[in-house]
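One structure is given here, and the rest of the page talks about it.
The values are calculated or read from the model by the stated rules, or taken from the named source; none is laboratory data. Note that the coordinates shown come from a computational prediction; the quantities given were computed from them, not determined experimentally. With ideal geometry, Cβ positions are generated from the backbone for all residues, glycine too; neighbour counts draw on all protein chains shown. In case anyone asks, the SASA skips ligands and DNA or RNA and just uses the protein heavy atoms, side chains included. Shrake-Rupley method; radii C 1.70, N 1.55, O 1.52, S 1.80 Å.
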Amino acid sequence: MAVRRAAWRRWVGVLVGAAALTTGGVLAGPASAAPRAGPSPSGTLRLGYFPNVTHAPALVGVQGGLFHDALGPHVSLKLFTFNAGPAAVEALLSDSIDASYMGPNPAINAYAQSHGAVRIVAGAASGGAFLVVRPGITSAADLKGKVLATPQLGNTQDVALRTWLRQRGLQTTTTGGGDVSIRPEDNGSTVQAFEQHLLDGAWVPEPYASELVAAGGKVLVDERTLWPGGRFATTELVVRTDFLRSHAAIVQRLIQGQQDAIGVIDNDAGHAEQLVGQAIQSATGQSVKASTTAAGFQSITFTNDPLAATVRTQALDAQRLGLLAKTNLSGLFDLTILNTLLRSAGKPTVSS
């Protein structure tokens, strides 16, 4: 879809939401059908996302008006922001929202807890997560007895940190005990706590990793170095299965809007960075330096590919930590709509 210049000036209001966790039934097979040509869909889409650079396709889609344009005049778009995936999962499974961007581990947990009530319908980002620590810390061994933060217990960065520590012989507990104490902390509060010397470091997504570096920290681990080819799922687009079944046309338009947003990121990164900064400030009330946003873009690959193989590895990591029961993930991905759009655009399809 061509991006109309007027879209850049369109603002969309942001609501903050979360709700209680419930479960749903098993739904076998692909939930979506191939999108068909026809009139613009109608209805309401309640969409969640995080004010992180790793959610740039969502931020550009919202702030640049691309989602509004893709959905058309008859779909009402209601927006909700979250700090981390577990809160977005609660909102999804309680029918408070219809779709959300989130990390793979919360998506896996939602699928397992609800016995199939959600599907990953597209990827959004790879990379952009770091362990940032105080300058005197030079190795994992130096972290013994230290206090680190992650966005939320069981979120993607939390699982990554606990796995990395476990592989180096350091134990953690879900209550903050063990060799290294891990504290769940709102991303913005993490930067403040680090500045006040209440934390020794944090495993966080961008832009917060770059903000920690600006506050005197140093990168101890760039998560890209832990994965073959430096590619791993950081952000996925997750939809409630019942919504996908009943509103496939709306989901198609949403994925099309995301493709448009990634196109803007690829073709005009400077403008995309401005939109991301504006969207983060709109959602959090806090401004982000342009240099911080730009640094975040350098470490992230924005992609529609959900990188399904890495998601399965992340699921195994969560199981080893006791944060996830053994789960059959065979129905987690429904890429029917995404691959139809990719074929229509003459692009390679992606695998689940």
Considering every residue within region 238-255, establish whether at least one is under 20 Å from the mean Cα position of the chain (by Cα), assigned to a helix (DSSP H, G or I), in contact (Cβ under 8 Å) with a residue 40 or more places away in the chain and under 26 Å from residue 161 (Cα atoms). no
Is there a residue in region 73-82 that is in a helix (DSSP H, G or I) and over 19 Å from the mean Cα position of the chain (by Cα)? no
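Only one of 123, 154 is at pLDDT below 95 and not in a helix (DSSP H, G or I). Can you tell me which?
Sole residue among the options that is at pLDDT below 95 and not in a helix (DSSP H, G or I): 154.
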Sort out which residues of region 163-188 are of a type in the set (S, T, N, Q), touching a residue at least 40 places away in the same chain (Cβ under 8 Å) and assigned to a loop (DSSP other than H, G, I, E, B), and write them in order of number. 174
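Just to check your reading of the model, which residue among 87, 19, 7 is at pLDDT below 50, hydrophobic (A, V, I, L, M, F, W, C) and open to solvent by 10 Å² or more (accessible area, probe 1.4 Å)? Working first, answer last.
Values: 87 fails: at pLDDT below 50; 7 fails: open to solvent by 10 Å² or more (accessible area, probe 1.4 Å).
Going through 87, 19, 7 in turn, the sole match is 19.
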Which numbered condition residue 94 misses (of (1) surrounded by fewer than 24 Cβ atoms within 10 Å (Cβ to Cβ); (2) touching a Gly at 6+ places or on another chain (Cβ under 8 Å); (3) among the small types (Gly, Ala, Ser)): (2)
If residue 129 satisfies all but one of (1) over 22 Å from residue 80 (Cα atoms); (2) touching a Leu at 6+ places or on another chain (Cβ under 8 Å); (3) crowded, with 17+ Cβ neighbours inside 10 Å, what's the number of the condition it fails? (2)
Quick check on my filter: what residues within region 189-215 are part of a loop (DSSP other than H, G, I, E, B), open to solvent by less than 40 Å² (accessible area, probe 1.4 Å) and either modelled with pLDDT under 95 or out of contact with any strand residue (DSSP E or B) (no Cβ under 7 Å at 6 or more places or on another chain) (or both)? 206, 207, 215
Among the residues of region 105-116, are any polar (S, T, N, Q), within 22 Å of residue 285 (Cα to Cα), open to solvent by 20 Å² or more (accessible area, probe 1.4 Å) and in contact with a Pro (Cβ under 8 Å, 6 or more places away or on another chain)? no
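One line per residue, one yes/no per condition, for (1) small (Gly, Ala, Ser); (2) at pLDDT below 95; (3) open to solvent by less than 60 Å² (accessible area, probe 1.4 Å):
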position	(1), (2), (3)
295	yes, yes, yes
300	no, no, yes
310	no, no, yes
315	yes, no, yes
325	yes, yes, no
329	no, yes, yes
335	no, no, yes
339	no, no, yes
Quick one: is residue 283 part of a helix (DSSP H, G or I), at pLDDT below 95, open to solvent by 10 Å² or more (accessible area, probe 1.4 Å) and in contact with a strand residue (DSSP E or B) (Cβ under 7 Å, 6 or more places away or on another chain)? yes
